[in-house]
Structures are given as structure tokens and as C-alpha cells.
Amino acid sequence: MTSIGTGYDYAVSTYSPDGRVFQIEYASKAVDNSGTAIGIRAKDGVVFAVEKLAQSKLQVPGTNQRIQGVERHLGMATSGLLSDAKQLVTRARSDALNYRNSYSASIPVKTMAEQLGMFMHAYTIYSGARPYGCSVVLGGMDDEGPQLYMIDPSGSYWGYRGCASGKGKQVARTELEKLKFDELSARQAIKEATRIIYSAHDEAKDKEFELELVWISAETNGRFERVSKEMVAEAEAYTQALLNAEMDDDE
Amino acid sequence: MASIKLKLPQAAQNAQEPITHSDGPIVTGTSVLGIKYKDGIMVAADCLASYGSLARFRDVNRLQAFGERTIIGASGDIGDFQYVQDELEKLMIKDFCLADGHELATPHVYSYLHRLLYSRRSEMKPLWNSYVVGGVHSSSSQRFLGYVDLLGTTYQSSTIATGFGAHLAQPLLRKAVEGREDTLTEEEAVKILDDCMRVLFYRDARSLNRIRRAKVTKDGMEVTDPYSLETEWAFAEHIVGYGA
């Protein structure tokens, strides 16, 4: 036993005396080590943005995508262990297919959050299991309009107007809280999401990153679509202009 | 034969008679027509779903778009068509999830439909439909028009007609379209299809004069709202016989 461990953190089936399950907390640490992922629920759609940190300059841009489609109206952004996330995407897709086979309809976002949450929770109650080292930002458009949820490694989930996970989650949340969600269009949310990812990025620790942007909105006919190059450029220009203005203020 | 069957005990009947619950359609749609014209593909079908000879449902859509540039028209069993729609929807979602930048084009949908129908007929559980599959390729602008039926039979042609239309409309379509696929204008194509649908309405007792028409061009797809064809029945007074 190491100096800090007290024996309560070996299995997910053991509580510590003060009622914590350390393995779940460690899983959350895995999430905190990864690039920031955010989700915004705007008036007419949802926007996902991810700061995908490059491990090497040799990596090909556009690979290992961290925002993935589940159905055409539903997608998820993940932070944490990428291969865990991939498994969750696969699971979400099969849940969505299952729902479709039963009801001939697309799965509502809330149902998806519930099912995926319960699936992740199952890995937090058996001693032989390792919890998923992932937070999932789940969003889409259904009969209720735009929907956004975030599931953490414990399997619990909440609905959000804006949410963030990963390295820069504190900075990102502070920025998200300033947004006026009742007036925000999805198109504008893309710019804000871009700005927030850039401000949450820590240039001292991580140099290269790739911005992943996806939206599901009235403008995309409720479909999951990667934001076009032109719109990304526009959002980055908007971010740059704000940063320049800030620098002028500092001088 | 029927009287002998009635005398047989249940068990003996089961032992001797083949299973027959897949041997016919129940609620049916009649002909679908499709042609190539200058700008792409045009298809038409009426809005009727018959229950035997009863005109049971009169606002049914038998033209279904898949993706941006593929249209499918179905005749035959409506329930089987709805199942096929679900299967194709799942195919499109599966393809979307791959996120490989590749788009299912008309020939892929056509091929999938062919394999689906052929495998089901080989299981002796045929999907009781004939399909017209049409589309225009997004980059090459190449036109595609094909036919698939419940036996898994396929062919491609510049004019296609299913069901009753294969007998009545196909000769008219061939005369109007063949050799002129690259010069027919949209207006001419609409007139050809409307005229053929009208002929079918006069002669096919399972048809309706309320129809939908769809066109696929390199710019995308348009499906019309249902509209009614003008008909002229004055000549009917002079028809004598036929039990009237």
C-alpha cells in the first residue's frame, strides 16, 4: 500500500468510510487530463466544440474525431480516454438502432442520455469493472427542440444550457455562464464556442490543437453537421478580433 | 380441390399444404412510371392504396426520397414498402455514422434493394413489391433509372413502368422517350407522364387520378404535392355492353 492509499480505492465496489468511491473519482481525473469539450444549447440548435490536443505534429488532421454522430439528429462530444469514448459511441448507436426497431422513430435525446447513463453506471458497481474514463456531452434536436445533456463517469447526467468538461472546464464554464442563452442563435453559438475553446486552451502546457466543431440546428434541418470551413474561419476571425481588442486594452 | 381440403382433418392439412401466408399482397399500390429526360429522372405514381378492389386509402405517398438525389417509387404491398423504407433509413444512418465523406449514390441503393428482395424471395418470404429507382449522380451528373421486383429481377432502361403500367404505359413511354432522352424538356416529360397516368386511370380499375410526381436533377430533388389529372368521360355514354 502506498503512503497515500488507504485501501479503499482498489475496487469500484468499495466505499471509503466517508462514502466516496475513489475509482470513479480517478476516472474523472482521466477526463480532466484531456482536451476541453463544450456543448451549447442555443435557441434553434446545439453546438459542440472540442479542443483536440495533438500528441505529435506527425498526426494527420481530421483523424480520431472526438465529436461523433449517433443518429442524424443526435451526436456526442467526448473528453477523456478516446478508446473508451469510441466504445460509448458504438453503444449509443446500437441503443438508437434498438429504439428505431421498436418504435420506427428516432430516439429522443433524453432517452439516449438515460440509457447511456445507465450503461456507464453499470461499470461503477462491480469489482471487476473499470469505470469509463469519459465524460459525454450529448446533444441533438428532437420533438422537444434542441437538447443538451452531459454524462459523467459515474453515469449520472443532467440537462444543460451550456456545459464543459476536460482540462479547461473551469475557464469554459465561467465563460459559458456569461452567455445569454435565451437570445443566442446556433450560428452565433458557433462563434462563442470557438472563442471559449481558444480561451480555455493553455498555450504554456499544450501547443498544437485542432478545433472540432459540429452543430445540429434548424439551419442544418435538425441534422448533425460538421461546421463548414468558411464558418470555422469566420469564427476564428471573430475570436482573434476579440483577443486583439483585449491586448489593446492591456497596453 | 377446395372441397377435398375442407374434409381433411387439421393435422393432415398442415402436413400436405404448403404455407401460404406469404403468397400475396394485401393492401396494394398500382403502377409506378419512370423516365429519363434531358435534366435527369422523372417518376410518377398515384396516391391510392387498394384493399383488394376497395379503394381503401386515397392519400398514400408511394414516392420516397433517399438522400439528396435518389427517388424510389413502389408498387405492390404497402406494408412491405413501409418495411423497406425503414430498412433503407437504417442503411442511410449506418452510412452516415461511418462519416467517411462517401455518399450512398443511386446505384448503391438500387443494389441494396436488389439484394434485399432477392434474399427474401430465396427465403420464400418475398417482399411483394416492384420498385422504380431513379437518381442523378452528384458529381458526374449521370442519370440512373432501374427496376427491381419481388423475385430480385432487375433491369435498367430509359423508360420503366411497373404493374399494370408495364402493359399499358410502357409502349407509350417507349414511343415518347426512346432516342430522345437527351433532348426531352421538363415540360415534355411532365406531359408524357401525366398522359400515361391518365391512360392508366381510364383503364386500370385499381388506380386514381390523384398523383404525385418527382424529378431528380443535378441540382437536387423535387416531389410535387398530390394533384388531380383532368379526365373526360363523355365518351362513356356511347359504350355499350361490358355488363353496364
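Numbers for the structure displayed
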quantity: The stretch A:199-220: number of residues that are in contact with a Ser or Thr (Cβ under 7 Å, 6 or more places away or on another chain) and farther than 21 Å from A:Gln68 by Cα; calculated: 1
quantity: Identity of the residue in the stretch B:79-99, open to solvent by 30 Å² or more (accessible area, probe 1.4 Å) and away from chain A (no Cβ under 11 Å), that ends up farthest from B:Ser141 (Cα to Cα); calculated: B:Gly79
quantity: Selection count where residues are under 30 Å from A:His201 (Cβ atoms), β-branched (Val, Ile, Thr) and in contact with a Ser or Thr (Cβ under 6 Å, 6 or more places away or on another chain), scope the stretch A:1-54; calculated: 2
quantity: Failed item in (1) within 13 Å of chain A (Cβ to nearest Cβ); (2) in contact with a helix residue (DSSP H, G or I) (Cβ under 9 Å, 6 or more places away or on another chain); (3) not basic (Lys, Arg), with B:Thr70 passing the rest; calculated: (1)
quantity: Any helices (runs of 4 or more DSSP H) falling wholly within the stretch A:169-251 and containing at least 2 residues that are within 24 Å of A:Pro108 (Cα to Cα); calculated: A:186-200
quantity: Set B:Ala55, B:Ala65, B:Ala44: member being aliphatic (A, V, I, L, M), away from chain A (no Cβ under 14 Å), surrounded by fewer than 18 Cβ atoms within 10 Å (Cβ to Cβ) and part of a strand (DSSP E or B); calculated: B:Ala55
quantity: Candidates B:Asp194, B:Asp219, filtered to the one that is open to solvent by 50 Å² or more (accessible area, probe 1.4 Å) and closer than 24 Å to B:Thr70 by Cβ; calculated: B:Asp219
quantity: Any hit, the stretch A:83-102, residues being surrounded by fewer than 17 Cβ atoms within 10 Å (Cβ to Cβ), under 14 Å from A:Ser154 (Cβ atoms) and not acidic (Asp, Glu); calculated: no
quantity: Residue check, A:Val12 out of contact with any Asp or Glu (no Cβ under 8 Å at 6 or more places or on another chain), within 14 Å of chain B (Cβ to nearest Cβ) and aliphatic (A, V, I, L, M); calculated: no
quantity: Selection status of B:Leu208, more than 25 Å from B:Leu48 (Cβ to Cβ), touching a residue at least 60 places away in the same chain (Cβ under 8 Å) and crowded, with 18+ Cβ neighbours inside 10 Å; calculated: no
quantity: Residue, farthest from the other protein chains (Cβ to nearest Cβ), within the stretch A:75-86, restricted to residues that are among the polar types (S, T, N, Q) and over 19 Å from A:Pro146 (Cα atoms); calculated: A:Ser79
quantity: Residue identified as under 28 Å from A:Lys178 (Cβ atoms), crowded, with 20+ Cβ neighbours inside 10 Å and either within 15 Å of the chain's Cα centre (by Cα) or of a type in the set (Gly, Ala, Ser) (or both) among A:Gly133, A:Gly140, A:Gly159; calculated: A:Gly140
quantity: Qualifying residue in the stretch B:77-99 (condition: of a type in the set (Gly, Ala, Ser), within 27 Å of B:Gly24 (Cβ to Cβ), in a strand (DSSP E or B) and at pLDDT 95 or above); calculated: no
quantity: Cβ-Cβ under 7 Å pairs, at least 6 apart or on other chains, the stretch B:156-169 side within 17 Å of B:Tyr37 (Cα to Cα), far side open to solvent by 40 Å² or more (accessible area, probe 1.4 Å); calculated: B:Ser158/B:Lys36; B:Ser158/B:Glu178; B:Thr159/B:Arg174; B:Thr159/B:Glu178; B:Ala169/B:Val199
quantity: Selected residue [among the charged types (D, E, K, R), within 14 Å of chain B (Cβ to nearest Cβ) and closer than 23 Å to A:Asp206 by Cβ] from A:Arg66, A:Arg100, A:Arg72, A:Arg91; calculated: A:Arg66
quantity: Matching option when the condition is part of a loop (DSSP other than H, G, I, E, B), among the aliphatic types (A, V, I, L, M) and in contact with a helix residue (DSSP H, G or I) (Cβ under 9 Å, 6 or more places away or on another chain), among B:Leu173, B:Leu116, B:Leu127; calculated: B:Leu127
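The values are calculated or read from the model by the stated rules, or taken from the named source; none is laboratory data. Note that the structure is predicted; figures quoted are calculated from it, not measured. Cβ atoms come from the backbone with ideal geometry, glycine included; neighbour counts cover every protein chain shown. We work out accessible area using only protein heavy atoms, side chains counted, and drop any ligands, DNA or RNA first. Shrake-Rupley method; radii C 1.70, N 1.55, O 1.52, S 1.80 Å.
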